[in-house]
Each structure stands twice: as C-alpha cells, then as structure tokens.
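What follows is one structure encoded as structure tokens, with my remarks underneath.
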Amino acid sequence: MVNITKNNVNITNFDLKYRQDFAIIAGWISFGSKVLDLGCGDGTLLQFLRSSLETKGYGVEKDDANWLACLKNGTNVIQMDLEAGLSGFENQSFDTVILSQTLQAMHNTEEIVQEMLRVGREIIVTFPNFGYWRNRMQITNGSMPVSKTLPYQWYDTPNVHLCTINDFDQFCKNHKITVIERKVITEGQEVSFMPNLLGNLAMYRLKAS
Amino acid sequence: MTKNNSAGAIKPNSVGLVASQTAYFDAPLLLKSGEILSQFHLVYETYGTLNADKSNAVIICHALSGNHHVAGKYTEIDKNAGWWDNLIGPNNRTESNNPLDTDKPLDTNKFFVIGLNNLGGCHGSSGPSSVDAATGKPFGANFPIVTVEDWVNSQARLLDYLGIKTLAAVIGGSLGGMQALQWTIAYPERVKHALVIASAPNLTAQNIAFNEVARQAIMTDPEFYAGDYYAHNTVPKRGLRIARMLGHITYLSDDAMGEKFGRKLKDTLKYGFDVEFEMESYLRYQGDKFAGEFDANTYLRMTRALDYYDPALEYGGDLSAALKNVKAQFLVLSFTSDWRFSPARSREIVKALLDTELTVSYAEVTAAHGHDAFLMPDAHYHAILRAYLQKIEI
C-alpha cells in the first residue's frame, strides 16, 4: 500500500481498502501539481488529491447531480461531454490528466486518449480488466460478466469498449504511447503474477512517446 | 424578457416592501467614446444589511430592459415583484410544502444586495429621457453612447458612494453577465466572485444583426424625430414594438414557443391579417406593453453597448490575455436551449478562465426556455446558485 500519510493527510473519509486505486494514483502525482480529472463523478478523487497533495485543477463531469456534488464540496467542475474532446483545454496545460474507470464507457476511445496526451504532460488511465478470471469464468459458463466492477446487464450498460490488459498494452504500442508504470489490483491488493488473469482493475501511468 | 408575476400577500421568503434611492455624482465620468459626463445620477435599491466589515455586498447587473427594481414590491398591491425576485430573499428556513415559499438562492440575511439602473437607462438613472441641466430639456439624441465598461465604472462610483470597497459577488445574466465579467477585468481587487450567466465574451454577427433590425425599426419610425421625439410630445411606439417583438422571438427557443403556443388559434381562421394565432397575440401584447413603458433612445443605447463589448479586442482577440490580471472566482452558467447566448459562447469564457488558471466552475443547465431561462426558477439552476452563494465567505 502506498504511504499517503505524509503531508498531514486527512484520510478519515476514505476507506483505502476499497480505494487502493486512489492511493496508487496519489503515488503517481507530485505535490502541488495541476490535475484534470475527466469523468470526476462527485469529486471524491480530486478532494482526496487536494487534501493529500495540495493539487489544484478541475474536474469534468456530465451528470447534473454529480456536478452539483462537486460544487458543494469545493471541487472546480466543468460540465461537458468528454465525447466531444477536450477543445476547452490548452496543449500541455496540466501536469496530469486522469481518466478513472471511464475509458470503457467512451465511444471515442482513441480520441480521448490522444486528447489527454495533448492536454497533460502525463496521463493516468484506469479500467476494469475484462481478462480477469472471474469475467472469463462467466463467459465460459455462457453469460456476459456481471460483478461488482462490472455491475451492468448486457442490455443496460454504459460500457461499450471493454478491454483486457493485453489489449490495452497493444493499444499503447500501436499508438506510440509510453507506459511509465502499470499497476494491477484485485480487491485492494496489488497483483504482479499473471495480471491479465488475476487482476481486476488495471491502472496505467502514461505519456506520449 | 419575461417578468415574474407574484401578485398577492408578501411572502416570508420575499425581501418585502422596498424603495429606490438616488445617488448623485458631480465628478466627471470619462466615457469609452471619449465623451465626458460632467455629472450623473444612478437610481438603486438595496436588500439586506451591509455588515460592519462591508464585506457582504453583491451587485446585480441588469440586462437589456432591466432596471434597479430587482426584488420586492413598492406597495402591497403591486401586481409584479422585481424582475429577479425569485433569486433574492431572506433565508428564514420556514417550513413549507409550497415551493414558492422556499428559501431563495441569494440570502439577504447574509448578503447586502444592490440593484441599480444603468447609465443611459429610462428608469431613473441619467439617460436620454432625463433632463439636461444645461438646457432644461431631455438629453434625447444628445445623451452619449455608453458602454459596458462605462457602466461598470459608474457602478464602481456607486460602491465608493456606499463606502463599499470589495464586492462579495457580482451577478449578471446576458448583458448583465458581460458587466460581471468586466467588473473582474476592470477592478480585479474589488471582486471576490463573479456569476456570469447566459452570457458571452462578445456578440456574434447574428446577434449584432438582430440588434440592428431592432434599431432600424425604431429609427425609421416617423415618430422617432432623430431621437428628439420628447420635443414633439410623441414616442416611436411602432418601432419600439417591433424591436421588442423581434427580441422576444430570440429570447425563447423554438421548442418553448411550440409548447406554449404551437399553432393554436384565438378563434377560427379569418383569412385576413388580424391576430389569428396565439403566437401573434402574445407578441403584440409584449410589444405594446413594452412600447408603452420603455424609452426608445435607451433601447438603442443598450443594444449598442451589447454590440460594442469585446474585452479581447485590444488583445488581438485573445480573451485569455484580457483576463490576465483577473483575480475573482467564477461560476459560469449557460442553458442548453439558449441560442441567442449559446453554451458555446459561455465555453469561450470558461476556456479563457482555464487558460488563466482561475478558479471556475461551469454548468450547462438543461432548460427549454431559451435565453429567458436565466430568469426562471428552475430547480437545478437555483440549486446551483444556492450552493455557490452559500459557499461564499464574507
């Protein structure tokens, strides 16, 4: 587990057992840096990064209720649809651009990753690993996977571009994206052995080559 | 723009009965055009109480046809409350199931709210219809062209007069939003928060075109007399009426019009040119009402102020450069069905604020009412305003 108790962090509001991904993300971001969180939800990650690393920056969120939650907790939030790209943001204007567990729901997958690389000096992409053995089991048994990480039925899911860790590695290679670091976790524990089979959540720290 | 009818008894969430005041200024005001107003006066209203630190003042900038009467009523029998009454009132947390009785977003128990009539207006501030002391006659066409920058400078004078150094917030919709933006540019040290709603960093060609049609309607009215109709004891009602009818079309969305009027007829088809469709009836009513109470010379100047505002112009079109000294925090809001001041225009402001690394939140409020939506008490819209204003520290 990443040590995030430096800088007098108040982490009482965050259950790190289930937010191990937050701790890993925090480990990839330097103190006081400028962060853009795409699909920031209710702003929990940005709040965490503000309190632990005194980051500044903005969230991007489409949903009204989430947007309002951000405003209430002091997160600067821009309401826009990521599918339209990031034309409101200048080249290389952020230290880190984050896309946390949203990639699989994007239609314009290639475009958003390219846009993130344009706007951020580094980017962090996390997604549920479709190659996780429990998903494979469900398919072997003849059904589309439904789990805590993939909680939707096939006919009612926002997830349109699910991929495995192998797929995403290939995607990075094809698009000349440098993988600075990759971590894979399952139930809050880091997985290093056979990550594409045993890992539930894939986390990538990337930059343009 | 539509006013909110709220006839009946004064509600506990209302600012109640209000009265306007007038501030007189004798120091000359240099206008952007180069002309000088040697003296002027501004009519204003206030709601709530200025605190000891004088840190809780909020100024409401009005749009094209607005004025200083933002909230409350002058008498208990007034049919209409101020033009943005649904925004402003004391938060007494009165228990009620009636949404009309709930607390309003801008709490007058916390804030000291100032509404004023802009220079060139026709509701009591110095304008074309007010009397020029030098001649004893209305200024008429001689009243200078005033700009958004001039308005903000004159509003700063009003703050000086009230002994207020810093605004907790400046709030404006449409043309009022341009003034809010201008406040942060011209007086970066005097504004903590700016709420820029349904606005734009300048007008599009299409918008200027609408304004020009409105002005042509007024100026080609035979009763206009080159702006000196006061001397002829008449007003260019026909022109003003058409200008307002055109305006109303652009303030509403096609959908909102369709829903409200559709192709509904007043009676049956008459095969003539009298009012047959409900839409025509509405437009004529709004046009007549406006032409009976608004000054044509003021309308010309308000539309011109809209046309001229372009803070990026002297920075080669670079709005970010125009904002380089701004310190305020921003809430920028647009409405999905607003095509007169579309969300894309608000996003231009947001982009410039992001480029300047300023604190900003931006929402595109889903609303059917077009540009007029900024005056409507939509639940989500008001929840946003309430949340933002509650967080402002005074």
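Points worth noting:
- If you go through region B:113-140 and pick out every residue that is within 25 Å of B:LEU50 (Cα to Cα) and open to solvent by 20 Å² or more (accessible area, probe 1.4 Å), you end up with 2.
- Test for A:THR75: is it under 17 Å from the mean Cα position of the chain (by Cα), at negative phi and polar (S, T, N, Q): no
- Contact annotation: residue pairs with Cβ atoms under 7 Å, 6 or more positions apart or on different chains, pairing a residue in region A:55-79 that is closer than 16 Å to B:TYR381 by Cβ and among the basic types (Lys, Arg) with a partner that is at pLDDT 95 or above and open to solvent by less than 40 Å² (accessible area, probe 1.4 Å), are A:LYS72/B:ALA387.
- Among the residues of region B:71-81, none is identified as surrounded by 22 or more Cβ atoms within 10 Å (Cβ to Cβ) and closer than 20 Å to B:GLY247 by Cβ.
- Residue within region B:207-216 that is under 18 Å from the mean Cα position of the chain (by Cα) and open to solvent by 10 Å² or more (accessible area, probe 1.4 Å) present: yes
- Restricting region B:266-295 to residues that are of a type in the set (S, T, N, Q) and open to solvent by less than 40 Å² (accessible area, probe 1.4 Å), the residue that is nearest to the chain's Cα centre (by Cα): B:GLN286
- Every listed requirement among (1) at pLDDT below 95; (2) open to solvent by 80 Å² or more (accessible area, probe 1.4 Å) is met by B:GLU314 save one, (1).
- Residue check for A:HIS175: surrounded by fewer than 17 Cβ atoms within 10 Å (Cβ to Cβ) and either closer than 18 Å to A:TYR132 by Cβ or in contact with a Lys or Arg (Cβ under 9 Å, 6 or more places away or on another chain) (or both): no
- Residue check, B:LYS192 open to solvent by 20 Å² or more (accessible area, probe 1.4 Å), of a type in the set (D, E, K, R) and either touching a helix residue (DSSP H, G or I) at 6+ places or on another chain (Cβ under 6 Å) or under 20 Å from B:ILE88 (Cα atoms) (or both): yes
- Summed over region A:135-149, residues that are out of contact with any helix residue (DSSP H, G or I) (no Cβ under 7 Å at 6 or more places or on another chain), open to solvent by less than 50 Å² (accessible area, probe 1.4 Å) and not hydroxyl-bearing (Ser, Thr, Tyr) total 1.
- Number of residues in region A:81-134 that are part of a helix (DSSP H, G or I), open to solvent by less than 10 Å² (accessible area, probe 1.4 Å) and within 12 Å of another protein chain (Cβ to nearest Cβ): the value is 1.
- Positions within region B:337-347 being away from chain A (no Cβ under 11 Å) and part of a helix (DSSP H, G or I), in sequence order: B:ARG345
- Conditions (1) surrounded by 24 or more Cβ atoms within 10 Å (Cβ to Cβ); (2) away from chain A (no Cβ under 12 Å); (3) farther than 18 Å from A:LEU68 by Cβ: number failed by B:PHE374: (3)
- Residue match in region B:348-361 (condition: over 29 Å from B:LYS324 (Cβ atoms) and at the interface with chain A (Cβ under 7 Å from one of its Cβ atoms)): no
- Test: A:LEU46 is more than 10 Å from chain B (Cβ to nearest Cβ) and crowded, with 22+ Cβ neighbours inside 10 Å: yes
- Taking the criterion of being closer than 14 Å to B:VAL332 by Cβ and either open to solvent by 10 Å² or more (accessible area, probe 1.4 Å) or assigned to a strand (DSSP E or B) (or both), the only residue of region B:173-189 that qualifies is B:GLY173.
- When residues in region B:46-66 are screened for being in a loop (DSSP other than H, G, I, E, B), at pLDDT 95 or above and open to solvent by 20 Å² or more (accessible area, probe 1.4 Å), 8 of them pass.
- Screening the candidates B:THR298, B:THR220, B:THR250 for the property of being of a type in the set (Ser, Thr, Tyr) and open to solvent by 80 Å² or more (accessible area, probe 1.4 Å) yields one hit, B:THR220.
- Checked against the criteria, A:SER51 does not count as more than 9 Å from chain B (Cβ to nearest Cβ), modelled with pLDDT of 95 or more and surrounded by 17 or more Cβ atoms within 10 Å (Cβ to Cβ).
- The listed residue being buried (at least 24 other Cβ atoms within 10 Å of the Cβ), over 18 Å from B:ASP307 (Cα atoms) and in contact with a Phe, Trp or Tyr (Cβ under 6 Å, 6 or more places away or on another chain), out of B:VAL170, B:VAL148: B:VAL170
- Scope region A:57-79; condition farther than 18 Å from A:PRO158 by Cα, more than 7 Å from chain B (Cβ to nearest Cβ) and among the polar types (S, T, N, Q); matching residues: A:ASN73, A:THR75
- Residue match in region B:350-363 (condition: in contact (Cβ under 8 Å) with a residue 60 or more places away in the chain and either of a type in the set (Lys, Arg) or open to solvent by 30 Å² or more (accessible area, probe 1.4 Å) (or both)): no
- Evaluation of B:THR303 against (1) open to solvent by less than 20 Å² (accessible area, probe 1.4 Å); (2) within 12 Å of chain A (Cβ to nearest Cβ) (one fails), failing number: (2)
- Residue check for A:GLN101: in contact with a strand residue (DSSP E or B) (Cβ under 8 Å, 6 or more places away or on another chain) and at pLDDT below 95: yes
- Count of residues meeting criterion [farther than 27 Å from B:ALA180 by Cβ and not charged (D, E, K, R)] in region B:121-150: 10
The values are calculated or read from the model by the stated rules, or taken from the named source; none is laboratory data. These numbers come from a predicted model, not from an experiment. Note that we place each Cβ from the backbone using ideal geometry, even for glycine, and neighbour counts take in every protein chain shown. Keep in mind that these areas ignore ligands, DNA and RNA; they rest on the heavy atoms of the full protein, side chains included. Shrake-Rupley method; radii C 1.70, N 1.55, O 1.52, S 1.80 Å.
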